[in-house]
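Heads up, the thing below is written out as structure tokens.
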Amino acid sequence: MTPVVQAQNLGLTFPAGDGDIVALSDVNLTIEKGDFVSFIGPSGCGKTTFLRTIADLEQPTSGTLRINGQTPENARKDRAYGYVFQAPALYPWRTIEKNIALPLEIMGHSQAQQAERIKRTMDLVNLSGFEKKYPWQLSGGMQQRASIARALAFDADLLLMDEPFGALDEIVRDHLNSELLKLWDRTKKTICFVTHSIPEAVYLSTKIVVMSPRPGRVTDVIESNLPRERPLDIRETPEFLAIAARVRDGLRAGHSYEEVV
Amino acid sequence: MNRVIPILTILLAIFVFWYAAAIWMNAPWQSILNGRANLTNVPFLEFAQQTWAQDKPILPAPHQVFSEIWNATMGLEFTSRRSLALHAWITLSATLLGFVLGTGLGVILAVAIIHNDAADRSLMPWIIASQTIPILAIAPMVVVGLGAIGLTGLVPKSLISMYLSFFPVVVGMVKGLRSPEAIQLDLMRTYDANPWQVFWKLRWPAALPMLFASMKVGIAISLIGAVVAELSNAAGGGLGVRLLTGSYNGQTIQIWAALFIAAGLAAVLVAIVGAAEKFVNARNGVRA
Ligand SMILES: Nc1ncnc2c1ncn2[C@@H]1O[C@H](COP(=O)(O)OP(=O)(O)OP(=O)(O)O)[C@@H](O)[C@H]1O
Ligand SMILES: [Mg+2]
């Protein structure tokens with residue numbers, strides 16, 4: 001089966017006045033269908049850049065990148081992925097349901113289909129009852145959930161999530177993490193997930209990609225053997241702690257552990 | 001009540017000041033008149049009333065202006081050449097047509113500018129240069145020029161209004177249409193939205209607040225444009241003509257009446273744009 005994401009010797013350099021910034025250097029990574037992949041690493045190591053490159057929002061300067069065996073551009077035109085940005089990026093003049101309808105309108109779904117998908121995804125992220133509210137009437141966590149619903153609405157098989165829960169408190173975050181796992185288990189989607197939190201990465205992932213900065217590169221790829229079904233207290237088991245320790249070592253080897261939040 | 005009292009206080013202060021200023025400014029001429037009539041030792045109160053009742057005062061008193069407005073609108077047939085209501089309508093129609101044309105032109109230019117770098121670089125300097133030419137110099141040229149080819153009345157005047165009012169709309173809309181954040185545009189790209197969709201679903205709604213702000217400026221200067229254009233064609237009528245003939249004949253009361261009507265019109269027009277803005281805001285969930 002063709003991998004969902006395949007990067008070979010991928011590099012991306014941003015030109016800058018005072019010396020170029022190497023955001024990605026020699027990245028090799030394969031993501032299979034159904035994987036839950038977390039990207040972890042200190043600030044500035046190229047996590048966002050890598051996700052944006054997959055999404056065809058940035059252009060690699062060397063190497064090759066294939067999404068479902070196609071170029072990123074063709075994959076984007078196929079609407080192969082849903083992207084959840086670090087900020088909710090809801091349109092303030094649209095109600096929550098209209099925000100979720102945005103991709104559906106653009107992709108030409110019928111009114112009936114839109115209504116059905118809005119209802120389904122709003123249920124999924126526990127936002128039922130807030131259809132007619134405007135973004136400013138929702139809390140930050142609810143806004144972020146709305147943006148996840150928007151990315152899920154058109155049912156792409158690949159979900160790219162850039163620190164979606166970064167701005168939320170621990171309790172909401174735990175809750176959304178276990179919701180996300182259930183969703184992933186139910187829908188069999190492939191998920192790429194950027195985070196700064198080691199427990200979050202270990203709890204969610206089948207595969208953890210450890211990155212380090214200057215130049216941005218992948219220093220370790222850790223396969224997790226935790227079961228797909230994960231109650232929150234799995235975080236106290238020895239298996240969990242062993243993987244967390246390996247991630248921590250990987251980050252330390254990148255000489256940047258101190259910078260990790 | 002809490003809002004009414006301060007407003008009334010200020011209004012009262014303005015009237016007191018106005019009446020006092022009328023005494024002071026009209027006093028020299030009143031003294032000459034009284035001297036000619038051999039009136040001496042006129043008591044102050046009587047003298048004040050005289051200064052408020054001159055035929056061609058330097059500064060007419062408020063009640064003179066308001067009774068002139070009343071007589072020249074309600075007291076005359078609408079079709080009468082002296083009816084202020086008729087002249088106000090002539091000016092208003094040119095203002096509205098010019099405003100609609102100007103807003104349309106402004107929006108079209110702004111759309112061209114944001115979608116096309118060449119348009120940005122080639123159009124913007126001309127647009128700015130156009131506004132550095134004094135309107136008082138342009139208006140007669142346009143009105144007389146178009147009159148020579150048989151185009152008189154509404155059209156030349158509204159062209160002047162358009163010429164003034166398109167500018168704030170271009171500037172505001174370029175800013176407004178460029179206001180979406182990078183992340184909001186990126187989102188559209190991930191959906192592979194076409195330029196048409198990006199425009200109508202993102203840029204246009206994002207620009208609406210700027211559109212209304214610039215339309216408020218635009219409609220007020222449309223009115224100025226129409227009045228200035230009327231100065232160049234005395235036969236056409238309008239508030240501008242009333243100002244002009246008023247000043248030829250020293251009819252200060254007539255001038256002030258026309259001024260007040262123009263100011264009132266401008267206030268009403270800006271308020272109408274403001275009401276439209278409120279309506280659109282409510283539909284777009286803008287926080288009250
Ligand atoms: N558009 C750009 N132009 C120039 N440099 C950029 C641009 N985007 C990112 N960079 C640089 O590329 C490097 C990687 O940035 P990136 O945003 O991918 O980091 P990150 O791992 O997501 O960091 P964080 O955890 O803080 O979000 C940084 O050094 C950044 O300064
Ligand atoms: Mg980032």
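Could you tell me which of the residues A:T71, A:T13 is within 16 Å of ligand 1 (Cβ to nearest atom) and among the β-branched types (V, I, T)?
Exactly one of A:T71, A:T13 is within 16 Å of ligand 1 (Cβ to nearest atom) and among the β-branched types (V, I, T), namely A:T13.
Would you pick out the residues in segment B:254-285 that are farther than 17 Å from A:R94 by Cα and among the small types (G, A, S)?
The answer is B:A257, B:A258, B:A262, B:A263, B:G264, B:A266, B:A267, B:A271, B:G274, B:A275, B:A276.
Looking at B:I128, B:I113, B:I133, which is the one that is of a type in the set (A, V, I, L, M) and loosely packed, with under 12 Cβ neighbours inside 10 Å?
The conditions single out B:I133.
Just to verify a result, which residue in segment A:72-93, among those that are in contact with a strand residue (DSSP E or B) (Cβ under 8 Å, 6 or more places away or on another chain) and in a loop (DSSP other than H, G, I, E, B), is nearest to the other protein chains (Cβ to nearest Cβ)?
A:F85
Applying the selection to segment B:5-54, what residues are surrounded by 10 or more Cβ atoms within 10 Å (Cβ to Cβ), not in a helix (DSSP H, G or I) and not polar (S, T, N, Q)?
Selection gives B:L39, B:V42, B:W52, B:A53.
Can you tell me which condition A:A167 does not meet? The list is (1) buried (at least 20 other Cβ atoms within 10 Å of the Cβ); (2) within 16 Å of ligand 1 (Cβ to nearest atom), and all the others hold.
Result: A:A167 fails condition (1) only.
Tell me, which residue of segment A:29-43 that is assigned to a loop (DSSP other than H, G, I, E, B) and within 9 Å of ligand 1 (Cβ to nearest atom) is nearest to A:E229 (Cα to Cα)?
A:G41
Those residues that are buried (at least 18 other Cβ atoms within 10 Å of the Cβ) and either at pLDDT 95 or above or over 15 Å from A:D162 (Cβ atoms) (or both), I need them from segment A:184-204; list them, please.
A:W184, A:K189, A:T190, A:I191, A:C192, A:F193, A:V194, A:I198, A:V202, A:Y203
For segment A:178-192, state whether one or more residues are acidic (D, E), under 15 Å from the mean Cα position of the chain (by Cα) and within 16 Å of ligand 1 (Cβ to nearest atom).
Within segment A:178-192, not a single residue is acidic (D, E), under 15 Å from the mean Cα position of the chain (by Cα) and within 16 Å of ligand 1 (Cβ to nearest atom).
Under the condition of being out of contact with any Asp or Glu (no Cβ under 7 Å at 6 or more places or on another chain) and under 16 Å from A:I191 (Cα atoms), which residue from segment A:43-65 is surrounded by the fewest Cβ atoms within 10 Å (Cβ to Cβ)?
In this case the residue turns out to be A:A55.
Quick check on this structure: which one of B:W70, B:W52 is of a type outside the set (K, R) and in the same structural domain as B:N26 (by TED's automatic domain parsing)?
Being of a type outside the set (K, R) and in the same structural domain as B:N26 (by TED's automatic domain parsing) holds for just one of B:W70, B:W52, which is B:W52.
Assess whether B:W196 counts as being within 28 Å of B:S158 (Cβ to Cβ) and either more than 14 Å from every other protein chain (Cβ to nearest Cβ) or part of a helix (DSSP H, G or I) (or both).
Answer is no for this residue.
State whether the residues of segment A:121-142 include one that is more than 30 Å from A:Q6 (Cα to Cα), more than 14 Å from chain B (Cβ to nearest Cβ), part of a helix (DSSP H, G or I) and in contact with a helix residue (DSSP H, G or I) (Cβ under 8 Å, 6 or more places away or on another chain).
So far as segment A:121-142 goes, yes, one or more of its residues are more than 30 Å from A:Q6 (Cα to Cα), more than 14 Å from chain B (Cβ to nearest Cβ), part of a helix (DSSP H, G or I) and in contact with a helix residue (DSSP H, G or I) (Cβ under 8 Å, 6 or more places away or on another chain).
For segment A:99-120, give me each residue that is within 12 Å of another protein chain (Cβ to nearest Cβ) and assigned to a helix (DSSP H, G or I).
A:N99, A:A101, A:L102, A:P103, A:L104, A:E105, A:I106
Could you tell me whether A:P60 is in a loop (DSSP other than H, G, I, E, B), more than 9 Å from ligand 1 (Cβ to nearest atom) and away from chain B (no Cβ under 13 Å)?
yes
Given the residues A:I96, A:I31, A:I21, which is the only one that is among the hydrophobic types (A, V, I, L, M, F, W, C), within 13 Å of another protein chain (Cβ to nearest Cβ) and crowded, with 16+ Cβ neighbours inside 10 Å? Please lay out each step first, then the result.
Values: A:I31 fails: within 13 Å of another protein chain (Cβ to nearest Cβ); A:I21 fails: within 13 Å of another protein chain (Cβ to nearest Cβ).
Sole residue among the options that is among the hydrophobic types (A, V, I, L, M, F, W, C), within 13 Å of another protein chain (Cβ to nearest Cβ) and crowded, with 16+ Cβ neighbours inside 10 Å: A:I96.
Just the residues that are acidic (D, E), away from ligand 2 (no atom under 16 Å from the Cβ) and within 18 Å of the chain's Cα centre (by Cα), please, taken from segment A:10-61.
A:E32, A:D35, A:D56, listed by residue number.
Across segment B:238-288, what is the total count of residues that are on the phi > 0 side of the Ramachandran plot and either within 14 Å of another protein chain (Cβ to nearest Cβ) or at pLDDT 90 or above (or both)? Full working, then the answer.
Within segment B:238-288, the subset on the phi > 0 side of the Ramachandran plot is B:238, B:250, B:285.
The next check asks that each one be either within 14 Å of another protein chain (Cβ to nearest Cβ) or at pLDDT 90 or above (or both); those that pass are B:238, B:285.
Residues in segment B:238-288 being on the phi > 0 side of the Ramachandran plot and either within 14 Å of another protein chain (Cβ to nearest Cβ) or at pLDDT 90 or above (or both): 2 in total.
Which of the residues spanning segment B:175-193 are away from chain A (no Cβ under 13 Å) and crowded, with 22+ Cβ neighbours inside 10 Å?
Within segment B:175-193, the first condition is being away from chain A (no Cβ under 13 Å), and the residues that meet it are B:175, B:177-178.
Across segment B:175-193, the qualifying residue is only B:L177.
Just to be sure before I move on: is B:I90 touching a residue at least 12 places away in the same chain (Cβ under 8 Å), in a helix (DSSP H, G or I) and out of contact with any helix residue (DSSP H, G or I) (no Cβ under 6 Å at 6 or more places or on another chain) in the structure I sent?
Numbers: touching a residue at least 12 places away in the same chain (Cβ under 8 Å): yes; in a helix (DSSP H, G or I): yes; out of contact with any helix residue (DSSP H, G or I) (no Cβ under 6 Å at 6 or more places or on another chain): yes.
In short, yes.
The values are calculated or read from the model by the stated rules, or taken from the named source; none is laboratory data. Owing to the predicted nature of the structure, the values given are computational and were not obtained by experimental measurement. For neighbour counting, all protein chains shown are included, and Cβ atoms are generated from backbone atoms with ideal geometry for every residue, glycine included.
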